[in-house]
Amino acid sequence: MEHIMKNMFQSLGKSRTANRLAKKYGLRFGAARFVAGETTQQSIEAVRGLNQDGRVATLDHLGEFVFSEEEALESAAMCIQTLDAIASSGVKSNLSLKMTSLGLDISRELCVNNMKRILDRARQHGNFVRIDMEDYAHCQISLDIYRELRQEYDNVGIVIQAYLFRTMQDIDDLHAFGANLRLVKGAYKESPQVAFPEKSAVDENYKKIIQKHLLNGHYTAIASHDEAIIHFTKEFVSSNRISIEQFEFQMLYGICEDLQKQLVKEGYRVRVYVPYGVDWFGYFMRRLAERPANVWFVLKNMFK
Ligand SMILES: Cc1cc2nc3c(=O)[nH]c(=O)nc-3n(C[C@H](O)[C@H](O)[C@H](O)COP(=O)(O)OP(=O)(O)OC[C@H]3O[C@@H](n4cnc5c(N)ncnc54)[C@H](O)[C@@H]3O)c2cc1C
């Protein structure tokens, strides 16, 4: 049953019609638990709230399904606007983005030019930009573009997904680039030809890449709500004398709030991923797919 629901949410998240309808009707069905709002101002207020108890953030202006150059330019402009809003408000946040929303599926050149404009602005503000990792079809090209950008910019990082077979090799290849990586389990529906189907294998690989990247000496964001993974990381950094400055924990807005606050109290850096914008539906469906138990929460909100 859980498997069926997972597939259903993953497919709905990719449906253009469902996304278009959701955009038209605004944040509904309890999506506001996971999405900070539809406007930049609302997202800045959400970050301010997180900063008050010591959490930092990464803001993501949600945007999926970009099919024209105009849409890609608009999306890049929103990223730049978000960086400006972070700087002028003084909140502690960097930026996360998806390269498909910057035109990756239209042309590589368009996407790279948009990335460069965003990274230039981030550099002016002394800020950092993280490239989210999308589905497997975009993995190789995303890493290639990251390597190209890394030659010119030191304020850019990317994400590596533990569920892919190729991941350990990618960690090795990125060593020479001194990559600042966010390590995650992986959120997309992938075929067993490219990704571990069993959760236990993903968890094992996750632990291996956390160890490897930390021991390689590079900045590592461990982005997970899994208490076993968090506990494992704490033990590993302590027994290997890895500085608290070399890593951070990351979690999603609205998920495991108590754990986020507890980690801050223990002295760890905690960054919350704060998505916002009118294109909230695909993101919301991925969160439901991860945890079909959230559906009860949705149902309750539908009848409120
Ligand atoms: C900051 C951040 C950035 C991310 N960026 C990317 C990215 O760029 N690309 C990508 O593919 N994936 C990304 N992800 C998603 C990630 O790949 C996983 O799908 C997601 O984090 C769930 O895995 P988990 O490590 O929390 O462990 P799981 O084993 O899935 O969950 C562990 C526990 O966490 C809690 N939990 C997990 N998910 C939810 C939820 N949706 N609702 C409520 N509770 C939940 C539950 O208590 C669950 O038992 C990101 C995740 C985070 C935290």
Review point. Inside region 151-173, can you point out the residues that are within 25 Å of VAL274 (Cβ to Cβ) and either outside any loop (DSSP other than H, G, I, E, B) or within 14 Å of the ligand (Cβ to nearest atom) (or both)?
Key: VAL156, GLY157, ILE158, VAL159, ILE160, GLN161, ALA162, TYR163
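Could you tell me how many of the residues in region 234-255 are among the small types (Gly, Ala, Ser) and surrounded by 13 or more Cβ atoms within 10 Å (Cβ to Cβ)? Steps first, answer last, please.
Here is the first cut: in region 234-255, the ones among the small types (Gly, Ala, Ser) are 238-239, 243, 254.
Filter once more, keeping what is surrounded by 13 or more Cβ atoms within 10 Å (Cβ to Cβ): 254.
Final tally of qualifying residues: 1.
When only residues in region 3-44 that are of a type in the set (Phe, Trp, Tyr) and within 16 Å of the ligand (Cβ to nearest atom) count, which is modelled with the highest pLDDT?
To start, the set of residues in region 3-44 that are of a type in the set (Phe, Trp, Tyr) comprises 9, 25, 29, 34.
Right, trim to within 16 Å of the ligand (Cβ to nearest atom) and you get 9, 29, 34.
Values: PHE9: 73, PHE29: 68, PHE34: 90.
Selected residue: PHE34.
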Practice item. Provide a single number: the residues in region 157-173 that are free of Cβ contacts under 8 Å to residues at least 40 places away in the same chain and either aliphatic (A, V, I, L, M) or at positive phi (or both). Key: 2
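Here are PHE232, PHE196, PHE247: which of them is closer than 22 Å to VAL156 by Cβ and modelled with pLDDT of 95 or more?
Values: PHE232 fails: closer than 22 Å to VAL156 by Cβ; PHE196 fails: closer than 22 Å to VAL156 by Cβ.
Being closer than 22 Å to VAL156 by Cβ and modelled with pLDDT of 95 or more holds for just one of PHE232, PHE196, PHE247, which is PHE247.
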Review point. Restricting the search to region 176-193, which residues are within 13 Å of the ligand (Cβ to nearest atom), within 15 Å of TYR136 (Cβ to Cβ) and not hydroxyl-bearing (Ser, Thr, Tyr)?
Key: VAL184, LYS185, GLY186, ALA187, LYS189, GLU190
Review point. What are the residues in region 135-150 that are within 16 Å of the ligand (Cβ to nearest atom) and in a helix (DSSP H, G or I), if any?
Key: TYR136, ALA137, HIS138, CYS139, GLN140, ILE141, SER142, LEU143, ILE145, TYR146
Review point. Looking only at region 96-117, which residues are surrounded by 22 or more Cβ atoms within 10 Å (Cβ to Cβ), assigned to a helix (DSSP H, G or I) and either over 14 Å from the mean Cα position of the chain (by Cα) or among the hydroxyl-bearing types (Ser, Thr, Tyr) (or both)?
Key: THR100, SER101, LEU102, CYS111, ASN114, MET115
**Study point:** Residue satisfying all of: in region 105-133; β-branched (Val, Ile, Thr) and over 14 Å from GLN81 (Cα atoms); nearest to the ligand (Cβ to nearest atom) among these
**Key:** ILE131
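What number of residues within region 69-101 satisfy the criterion of being within 23 Å of LEU143 (Cβ to Cβ) and of a type in the set (Ser, Thr, Tyr)? Don't jump to the end; show me each part of the working.
From region 69-101, those within 23 Å of LEU143 (Cβ to Cβ) are 72, 75-76, 79, 94-101; that's our starting set.
Okay, now just the ones that are also of a type in the set (Ser, Thr, Tyr), so 75, 96, 100-101.
Of the residues in that region, 4 qualify.
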Practice item. Pairs only if they're at least six apart or on different chains, beta carbon under 9 angstrom, first in region 96-123 and farther than 22 Å from SER43 by Cα, second within 16 Å of the ligand (Cβ to nearest atom) and charged (D, E, K, R); list them, first residue then second. Key: LEU104/LYS98; LEU104/GLU134
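The values are calculated or read from the model by the stated rules, or taken from the named source; none is laboratory data. The model shown is predicted, which means the values in this text are computed figures rather than measured ones. Cβ sites come from the backbone with ideal geometry, for glycine too, and all protein chains shown count toward neighbours.
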